[in-house]
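S.K.: Would you mind keeping the following structure in view while I ask a few things?
The values are calculated or read from the model by the stated rules, or taken from the named source; none is laboratory data. What you see is a predicted model, and the numbers here were worked out from it, not measured in a lab. With ideal geometry, Cβ positions are generated from the backbone for all residues, glycine too; neighbour counts draw on all protein chains shown.
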Amino acid sequence: MVFVLNKDKTPLNPCHNGKAKWLLDNNYAVVHKIQPFTIRLKKKVTNPNLKDYTLKIDPGSKTTGLAINNGSQVAFLANLHHRADTIKQNLQTRREHRRFRRSQLKYREKRFDNRKRGDNWLPPSVDSIVNNIKTWVQRLKKLCPISKVVVEMVRFDTQKMQNPEIEGIEYQQGTLQGYNVREYLLYKHNHTCQYCGGESGDPVLEVEHKIPSSRGGTDSIKNLTLSCKTCNQDKDNRTLKEWLQDLKEQDFRKKLPKVRYKNVKQILESKVDISLKDAGRVNSYRYKLLDQLKSICSNIETSTGAKTKYNRNQVAELEKTHYFDALCVGTAKQEYSFQKGFKVLSIKATGRGTRQRTLLDKYGFPRAYRSRNKYVDNFKTGDLVKAVIPKGKNKGVYFARVSTRKSGYFRLDCFNGSKVDGVNSKYLNLLQRGAGYSYSFEDIA
């Protein structure tokens, strides 16, 4: 379906792709926006008969599902991919660089964290998820006559996820009741290194992360184990799978590599610990998301994850995807109608660039500087363009998101997922200014 705007830019009912093409070919409409594709009528329609469309949201930690429907007719499906992990990694890198620089510059006074946080404060990585969803609700309301918004309010029971049989007072006690972390690991593993079983002969035992902190591992007791100093240093910041691959190439005629390989493989083959990072994110921002949506929409309904699952499996019988989950939030129909060639829009949050002009080396000290001007030949990274390349190995027509280079030869990230590098800016035509998102299409499941 194609979104349609009146001459005064008020939303009208979405129309079929064929009708939109006819309106454009006969000069009754113009292209208003490329993504999501929207046309605008040249003559104003008075007293339009608007239908009641519902926007449904399935919030997630990495991907949020969006759906717009009117009864059984589906007008729009999308996956909104967040950049929370990227933001967290950027903040971690910045913190490490600052600490290293302060350790090298002895004259700098110590800086104490005396800043206050508001009552509704969320980590920047989590707050970006709320902002992404809010932004797209506002954008879609400008393109489609949405009369109601339905959002799934799910709360994950993190203790139940780890132990399905937990009940009663066990919720209050926890795994470490009566122990500190080091004491618990020493008792659990009988004062023995879990990688070599004491074969290295190193008496120094350390608390070790299975997934290193530098690779996103948490300090949860599920991610901690006991290791001798020798094994801990040999593992370095690799994951267990990466270390296991390196252990395969070592000489098994020696006992230490053989024992390490056997024990690491056994740890990987044992019960996989459930990561609670994504569940924690959703639990932390759900109420703030609801408050933000109430500030821009008057008609808000909430639903539960159990009802969504029932609608998807028992009522509509759809595949497990984020956009189908969104379609099944609240009430669901037994059958949904999709026009021929229906595509799912994949929206990826990329950000609007950075204000930081200084490029740093691995130690956090300046090595180069970015250009002050973000525009190169009137193009900026993130703009949507049409490229008509008349010759060469990349000859053809492309619709893509552009990444600018100071040299004037840009990279194209095409809507079909392919990439084209080294395209001269003179072959590009601007279609839409970048707004912090990139787009591609998926076939419906």
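S.K.: I'm told Lys271 meets every condition in (1) modelled with pLDDT under 90; (2) in contact with a His (Cβ under 6 Å, 6 or more places away or on another chain) except one. Can you identify the failing condition by its number?
M.R.: (2)
S.K.: Residues to consider are Lys362, Lys348, Lys374; find the one that is under 30 Å from Ala78 (Cβ atoms), at pLDDT below 90 and of a type in the set (Lys, Arg). So that I can check it myself, show each step before the final result.
M.R.: Numbers: Lys362 fails: under 30 Å from Ala78 (Cβ atoms); Lys348 fails: at pLDDT below 90.
Every option except Lys374 fails the conditions.
S.K.: Now for a separate question. Against the condition closer than 26 Å to Thr63 by Cα and not hydrophobic (A, V, I, L, M, F, W, C), how does Arg401 come out, does it pass?
M.R.: On the way: closer than 26 Å to Thr63 by Cα: yes; not hydrophobic (A, V, I, L, M, F, W, C): yes.
Judged against the criteria, Arg401 is a match.
S.K.: Can you tell me which residue among Gln250, Gln233 is under 27 Å from Thr93 (Cβ atoms), out of contact with any strand residue (DSSP E or B) (no Cβ under 8 Å at 6 or more places or on another chain) and without any contact (Cβ under 8 Å) to a residue 24 or more places away in the chain? Steps first, please.
M.R.: Numbers: Gln250 fails: under 27 Å from Thr93 (Cβ atoms).
None of the other options fit; the residue is Gln233.
S.K.: Here is a follow-up. Filtering segment 221-240 down to residues that are assigned to a helix (DSSP H, G or I) and among the polar types (S, T, N, Q), which residue is nearest to the chain's Cα centre (by Cα)?
M.R.: To start, the set of residues in segment 221-240 that are assigned to a helix (DSSP H, G or I) comprises 221-223, 229-235, 240.
From what is left, the residues that are among the polar types (S, T, N, Q) are 223, 230, 232-233.
Numbers: Asn223: 23, Thr230: 37, Asn232: 32, Gln233: 33 Å.
By that ranking, first place goes to Asn223.
S.K.: Still on this structure: May I ask you to list the residues in segment 299-335 that are within 30 Å of Ile34 (Cβ to Cβ) and either acidic (Asp, Glu) or at pLDDT below 90 (or both)?
M.R.: Glu319, Asp325
S.K.: Among residues belonging to segment 241-294 that are in a loop (DSSP other than H, G, I, E, B), among the acidic types (Asp, Glu) and more than 29 Å from the chain's Cα centre (by Cα), point out the one that is nearest to Asp127 (Cα to Cα). Steps first, please.
M.R.: Going through segment 241-294, the residues in a loop (DSSP other than H, G, I, E, B) turn out to be 249-254, 270-276.
So of that shortlist, the ones also among the acidic types (Asp, Glu) come out as 249, 251, 273.
Then drop every residue that is not more than 29 Å from the chain's Cα centre (by Cα), which leaves 249, 251.
Numbers: Glu249: 44, Asp251: 49 Å.
So the residue we want is Glu249.
S.K.: Next up: Restricting the search to segment 188-210, which residues are surrounded by 18 or more Cβ atoms within 10 Å (Cβ to Cβ) and either assigned to a loop (DSSP other than H, G, I, E, B) or of a type in the set (Gly, Ala, Ser) (or both)? Before you say what the answer is, go through the steps one by one.
M.R.: First, the residues of segment 188-210 that are surrounded by 18 or more Cβ atoms within 10 Å (Cβ to Cβ): 193-196, 199-200, 205, 208-210.
If the condition is that a residue be surrounded by 18 or more Cβ atoms within 10 Å (Cβ to Cβ) and either assigned to a loop (DSSP other than H, G, I, E, B) or of a type in the set (Gly, Ala, Ser) (or both), then Cys193, Gln194, Tyr195, Cys196, Glu199, Ser200, Lys210 are the ones that fit.
S.K.: Residues Asn283, Asn223, Asn232: which one is touching a Phe, Trp or Tyr at 6+ places or on another chain (Cβ under 7 Å) and either outside the structural domain of Ile57 (by TED's automatic domain parsing) or modelled with pLDDT of 90 or more (or both)?
M.R.: So the residue among Asn283, Asn223, Asn232 that is touching a Phe, Trp or Tyr at 6+ places or on another chain (Cβ under 7 Å) and either outside the structural domain of Ile57 (by TED's automatic domain parsing) or modelled with pLDDT of 90 or more (or both) is Asn283.
S.K.: List the strands (runs of 3 or more DSSP E) that sit entirely inside segment 51-162 and contain at least 3 residues that are more than 24 Å from Asp278 (Cβ to Cβ) and touching a strand residue (DSSP E or B) at 6+ places or on another chain (Cβ under 9 Å). Can you show your working first?
M.R.: Working: elements: 53-58, 63-70, 73-81, 146-152.
It comes to 63-70, 73-81, 146-152.
S.K.: Are there any pairs, at least 6 apart or on different chains, whose C-beta atoms fall under 7 Å, with the first in segment 303-320 and over 18 Å from Arg286 (Cα atoms) and the second among the hydrophobic types (A, V, I, L, M, F, W, C) and surrounded by fewer than 16 Cβ atoms within 10 Å (Cβ to Cβ), and if so, which?
M.R.: Here the result reads Glu319/Ala445, each pair linking segment 303-320 to a residue that is among the hydrophobic types (A, V, I, L, M, F, W, C) and surrounded by fewer than 16 Cβ atoms within 10 Å (Cβ to Cβ).
S.K.: List every residue pair whose Cβ atoms lie under 8 Å apart, where the two residues are 6 or more positions apart in sequence or sit on different chains, the first residue falls within segment 21-40 and is touching a residue at least 24 places away in the same chain (Cβ under 8 Å), and the second residue, located anywhere, is part of a loop (DSSP other than H, G, I, E, B) and surrounded by 15 or more Cβ atoms within 10 Å (Cβ to Cβ).
M.R.: Listed by first residue and then by second, the contacts come to Arg40/Asn6.
S.K.: Output the strands (runs of 3 or more DSSP E) that fall wholly within segment 345-445 and possess 3 or more residues being closer than 30 Å to Phe100 by Cβ, over 27 Å from the mean Cα position of the chain (by Cα) and in contact (Cβ under 8 Å) with a residue 24 or more places away in the chain, or say none.
M.R.: Details: elements: 358-360, 366-369, 384-389, 396-403, 409-414, 419-424, 428-432, 437-443.
Filter on segment 345-445 gives an empty set.
S.K.: A further question follows. Identify all residues within segment 295-321 that are exposed (fewer than 12 other Cβ atoms within 10 Å of the Cβ) and not in a loop (DSSP other than H, G, I, E, B); write none if there are none.
M.R.: Within segment 295-321, Ser295, Ala306, Gln314 meet the criteria.
S.K.: Only one of Leu12, Leu66, Leu77, Leu55 is over 30 Å from Gly305 (Cα atoms), surrounded by 15 or more Cβ atoms within 10 Å (Cβ to Cβ) and touching a residue at least 24 places away in the same chain (Cβ under 8 Å). Can you tell me which?
M.R.: On the way: Leu66 fails: over 30 Å from Gly305 (Cα atoms); Leu77 fails: over 30 Å from Gly305 (Cα atoms); Leu55 fails: over 30 Å from Gly305 (Cα atoms).
Exactly one residue qualifies, and that residue is Leu12.
S.K.: Could you say whether any residue in segment 132-143 is of a type outside the set (S, T, N, Q), without any contact (Cβ under 8 Å) to a residue 12 or more places away in the chain and either over 23 Å from Ala435 (Cβ atoms) or buried (at least 21 other Cβ atoms within 10 Å of the Cβ) (or both)?
M.R.: no
S.K.: So is Gly408 over 23 Å from Lys33 (Cα atoms) and at pLDDT 90 or above or not? So that I can check it myself, show each step before the final result.
M.R.: Working: over 23 Å from Lys33 (Cα atoms): yes; at pLDDT 90 or above: yes.
Here the answer is yes, as Gly408 does meet what is asked.
S.K.: Which of the residues that make up segment 388-445 are exposed (fewer than 13 other Cβ atoms within 10 Å of the Cβ) and at positive phi?
M.R.: Those that are exposed (fewer than 13 other Cβ atoms within 10 Å of the Cβ) and at positive phi: Gly392, Gly396, Gly417.
S.K.: Got at least one residue in segment 237-247 being more than 30 Å from Gln159 (Cα to Cα), assigned by TED's automatic domain parsing to the domain that holds Thr175 and exposed (fewer than 13 other Cβ atoms within 10 Å of the Cβ)?
M.R.: Yes, because at least one residue in segment 237-247 is more than 30 Å from Gln159 (Cα to Cα), assigned by TED's automatic domain parsing to the domain that holds Thr175 and exposed (fewer than 13 other Cβ atoms within 10 Å of the Cβ).
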